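Q: What follows is a single structure, and I will ask about it in a moment.
Readers should treat all values here as calculations from the given coordinates under stated rules, not as data from a laboratory. The model shown is predicted, which means the values in this text are computed figures rather than measured ones.
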Amino acid sequence: MKRHFSKFSSIFFLLLTIFLWGDFSGAAVPWQYAIPDEEEKAVETTADKIVAKKDSYDGKEVSVSGKISNLKFKTSNGGSKYTTFVLVGESGGRINVLISKHPKLKPTQKVRVTGIYRKVNKTGKYTFRNQIEASEVTTL
């Protein structure tokens, strides 16, 4: 009886280990998290297109190029650094930009902004309109 229990427990733990570790052949297993091949990319667009169709871009990740205007480096009452500026497109479309840091930027510099566009963005008692909450600002 003792030998039978030992053999059974060995097989049980082997099967349990295989089940918990999953299949190493690359086949999908129902309990594994599916990782997409590519991250969802931001919509390449222009400031003019966003301004013309604010509703269709609202809440979407966008990537827009333009020149910096009205650049301000600020610090919140809580001590968090953030930067605001207006992104001016080639045809004059203007979008407000907020990024939560102090990147090395200069007035009139050409940049690409990637982030979430919001037609109306309410933060606490403040309301911001026509704004990209930037995750990345790169110089061009």
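Q: Return the lysines within reach of K81: Cα separation strictly under 16 angstrom, same-chain partners fewer than 8 residues apart disregarded; answer none if there are no such residues.
A: K72, K101, K104
Q: Further, regarding this structure: Which entries of K41/K74; K49/K125; K60/K110 show an alpha-carbon separation above 26 angstrom in the structure shown?
A: In this structure, K41/K74; K49/K125 lie more than 26 Å apart at Cα.
Q: Another one. Please list, ordered by chain and number, the residues whose modelled amide H lies under 5 Å from the amide H of L105; skip anything fewer than 5 residues away on the same chain.
A: For L105, no residues qualify.
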